[in-house]
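Below you'll find the structure, written out as structure tokens, and then a few comments.
The values are calculated or read from the model by the stated rules, or taken from the named source; none is laboratory data. Model, not experiment: these values are computed from the prediction. Cβ placement follows ideal geometry from the backbone for every residue including glycine, while neighbour counts extend to all protein chains displayed. Calculation scope for accessible area: heavy atoms of the full protein, side chains included, ligands and nucleic acids excluded. Shrake-Rupley method; radii C 1.70, N 1.55, O 1.52, S 1.80 Å.
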Amino acid sequence: MRSSISSSEVRPATSAVALRVLVACFGMTLLIMTAATEMLVRAQVAPQDNRPQHLALLEATASADVAFGDSHVARGFDAQQGFINLAYPSENIADMLIKARRYFADHAPERVILQADPHLFAPYRLNAAPSLLEEKTPMLLAAMPRHRPQLLAYWTSYFENGGQLRSTVQQTPAGSLLSSGDLSLDLPRLQMRDARMRIVSHSVARPGQVAVGQEQYRALVDFLAGQGARICFVTFPVSPAYAAARKAWPSNGHAEMIAFFESEAARVGGQYWDARTHVTDLSLFRDIDHLNAKGAVGFSQDLHTACGWGVD
């Protein structure tokens with residue numbers, strides 16, 4: 001007896017096998033990439049992690065003069081003259097409030113530098129959980145909120161440096177995270193590309209989210225002012241390319257946030273300094289919106305003057 005199998009019966013079976021092979025290959029690739037990324041974080045990133053020293057500074061010092069903020073403050077303010085820099089990359093308003101309450105639980109503040117950058121009200125910042133609430137280390141270090149957004153940057157730097165991650169960040173005894181880098185070495189078109197990307201991510205969130213963020217920021221200001229702090233609100237420098245991209249994207253909401261910071265400073269009798277365009281020399285920036293070490297040193301001297309504190 002002769003049997004036959006139609007082509008219509010063969011195709012579904014072949015397609016199912018191909019799909020299973022494709023799914024298996026994808027799963028295996030994903031597993032390998034996850035394992036490789038975890039090894040990169042554990043072997044290259046963790047040994048150079050400066051967060052433990054930063055948290056130790058938070059717990060072990062009792063200065064009355066403190067700076068709060070994210071990477072703009074951490075990298076852009078060279079803490080001197082008794083100041084402690086408690087700013088840390090990627091932290092949000094909720095982090096700043098938690099830190100201020102914890103740090104000044106047993107002593108009173110005097111001079112306080114408070115970040116007043118519009119991107120604090122961008123969706124990615126307002127939606128992020130406070131990093132200081134990370135009490136448990138997950139099974140995968142790469143899954144930690146402070147590592148997760150940087151994974152692509154880790155790999156990029158790893159390959160650019162010949163298979164090694166080498167931190168160029170200098171953590172000062174007062175907590176500043178001063179960096180190398182020279183934006184003037186980047187081509188203008190690359191500067192504008194990076195600036196446009198940053199402006200998109202730094203655009204202010206919807207009014208409802210902003211209102212919640214403003215309540216948190218006011219709570220932070222009220223706490224510090226209620227403790228007797230002399231607050232200097234500072235909008236930190238950005239590169240000319242960033243400033244140009246901001247003007248080209250007028251719906252970014254930055255102007256409204258600057259007005260908010262001005263009103264907050266006036267409300268509590270603080271000082272406000274909009275220093276976004278204060279630094280124009282590209283060689284003083286590490287990237288589009290962060291100062292390098294040399295830029296931070298010079299800017300910090302001007303900051304003391306602008307805040308009305310002078311330089312000892």
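Quick rundown of the values:
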item: Breaking point among (1) in contact (Cβ under 8 Å) with a residue 60 or more places away in the chain; (2) part of a helix (DSSP H, G or I), for residue 211; result: (1)
item: Those residues of region 253-312 which are open to solvent by 70 Å² or more (accessible area, probe 1.4 Å), under 18 Å from residue 243 (Cβ atoms) and not in a helix (DSSP H, G or I), in sequence order; result: 277, 278, 280, 281, 286
item: Number of positions in region 177-207 that are under 30 Å from residue 52 (Cα atoms), assigned to a helix (DSSP H, G or I) and either in contact with a Pro (Cβ under 8 Å, 6 or more places away or on another chain) or open to solvent by 50 Å² or more (accessible area, probe 1.4 Å) (or both); result: 2
item: Filter result (modelled with pLDDT of 95 or more and of a type in the set (S, T, N, Q)) within region 93-130; result: 115
item: Subset of region 225-252 that is open to solvent by less than 70 Å² (accessible area, probe 1.4 Å) and among the hydroxyl-bearing types (Ser, Thr, Tyr) - its residue that is nearest to residue 121 (Cα to Cα); result: 235
item: Scan of region 55-82 for residues that are of a type in the set (S, T, N, Q) and part of a helix (DSSP H, G or I), ordered by number; result: 71
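Residues are listed down the side, and each one gets a yes or a no for (1) out of contact with any helix residue (DSSP H, G or I) (no Cβ under 9 Å at 6 or more places or on another chain); (2) under 23 Å from residue 76 (Cβ atoms):
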| position | (1), (2) |
| --- | --- |
| 171 | no, yes |
| 174 | no, yes |
| 177 | no, yes |
| 182 | no, yes |
| 200 | no, yes |
| 204 | no, yes |
| 208 | yes, no |
| 212 | no, no |
| 226 | yes, no |
